[in-house]
Amino acid sequence: MAEIAVTNCAKLEDYKQAVVHAGGEVRVVEQGTDITEALRGAGGLLLTGGDDVSPSRYGETTHAATLEGSPERDEFEIALVNEARRIGMPIFGICRGIQVMNVALGGTLIQDIPSQVENALDHSLKVPPHKAFDYAHDVWVEDNSLLARLMTERLSGSDSCAVNSRHHQAVKQVAPGLKVVATAPDGIIEAIEDPEARFCLGVQWHPENFWRTGEFRPLFEGFVEASNKRT
Ligand code: MN
């Protein structure tokens, strides 16, 4: 069984559980590790949530509401994405992860939805009092995408479903080669994928928070399956 390289973050447990409940094995990779070593023998790369990517990474100056995290983490994860792409390794990016993916491949980010997008929904529901798995808004899912195929049961014949939401940034310009496959009703991009890759998917919501009840388990199952095929 292939190991999934999971980038370390402050809320690691739900990501680990989501992978394990989809039949995968977890290898936590720490920033600063040699990139080749970090991915050696792994089947897939899971990019987790966290602080904002430095806007200098996509050629912008820092907005007042942007909370820059760690330049070392940006550096490490962008290098992981590029190496995983180079060797054809499946990639699944979640929240900060979709943003890292997009920036690594040449896209840009909206730095602060509330102050930069008119009439936007509230995408940053805080927990508590909300629970991590409380739904915040719907997403419309593009037919004929990996995401739609994985979410067939969840969508059950519809083209939209409810998701949770804890982000103040989002994909702005989509990186070359990637395609938008889910949007919120206010137009905010909620998922991107590479139609040419076996599995290269990013989602802006937090499917890992649902590992106990399984609403988004097929996303992790599809990712683990693609990662197993690789080895
Ligand atoms: Mn959202």
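The values are calculated or read from the model by the stated rules, or taken from the named source; none is laboratory data. This structure is a prediction, so every number in the text was calculated from the model and none was measured. Because the Cβ atoms are built from the backbone with ideal geometry, glycine has one as well, and the counts that use them run over all protein chains shown. Calculation scope for accessible area: heavy atoms of the full protein, side chains included, ligands and nucleic acids excluded. Shrake-Rupley method; radii C 1.70, N 1.55, O 1.52, S 1.80 Å.
Only one of the numbered conditions (1) in contact with a helix residue (DSSP H, G or I) (Cβ under 8 Å, 6 or more places away or on another chain); (2) part of a helix (DSSP H, G or I) is violated by H63, and that is (2). Here is the figure for the stretch 135-149: residues that are under 13 Å from A191 (Cα atoms) and either open to solvent by less than 90 Å² (accessible area, probe 1.4 Å) or hydroxyl-bearing (S, T, Y) (or both) total 8. Would you say V81 is open to solvent by 30 Å² or more (accessible area, probe 1.4 Å) and of a type in the set (A, V, I, L, M, F, W, C)? Criteria not met by V81. Restricting the stretch 182-231 to residues that are out of contact with any helix residue (DSSP H, G or I) (no Cβ under 6 Å at 6 or more places or on another chain) and of a type in the set (K, R), the residue that is surrounded by the fewest Cβ atoms within 10 Å (Cβ to Cβ) is R212.
Considering only the stretch 84-127, how many residues are among the polar types (S, T, N, Q) and either assigned to a strand (DSSP E or B) or open to solvent by 40 Å² or more (accessible area, probe 1.4 Å) (or both)?
Summing the residues that are among the polar types (S, T, N, Q) and either assigned to a strand (DSSP E or B) or open to solvent by 40 Å² or more (accessible area, probe 1.4 Å) (or both) in the stretch 84-127 gives 4.
The sole residue among R40, R73 that is under 18 Å from the mean Cα position of the chain (by Cα), on the phi < 0 side of the Ramachandran plot, surrounded by fewer than 22 Cβ atoms within 10 Å (Cβ to Cβ) and not hydroxyl-bearing (S, T, Y) is R73. Among the numbered criteria (1) within 16 Å of the ligand (Cβ to nearest atom); (2) closer than 16 Å to G93 by Cα, which single criterion is violated by D194? Condition (1) is where D194 drops out.
Of A175, A191, all but one fail to be assigned to a loop (DSSP other than H, G, I, E, B), within 15 Å of I110 (Cα to Cα) and touching a residue at least 40 places away in the same chain (Cβ under 8 Å); the exception is A175.
Do you know which residues across the stretch 153-172 are in a loop (DSSP other than H, G, I, E, B) and surrounded by 14 or more Cβ atoms within 10 Å (Cβ to Cβ)? Don't jump to the end; show me each part of the working.
In the first step, residues of the stretch 153-172 are kept if they are in a loop (DSSP other than H, G, I, E, B); the result is 156-159, 164-165, 167-169, 172.
Correct list: N164, S165, H167, H168, Q169, K172.
The set of residues from the stretch 178-188 being assigned to a strand (DSSP E or B), away from the ligand (no atom under 14 Å from the Cβ) and aliphatic (A, V, I, L, M) comprises just one member, V181.
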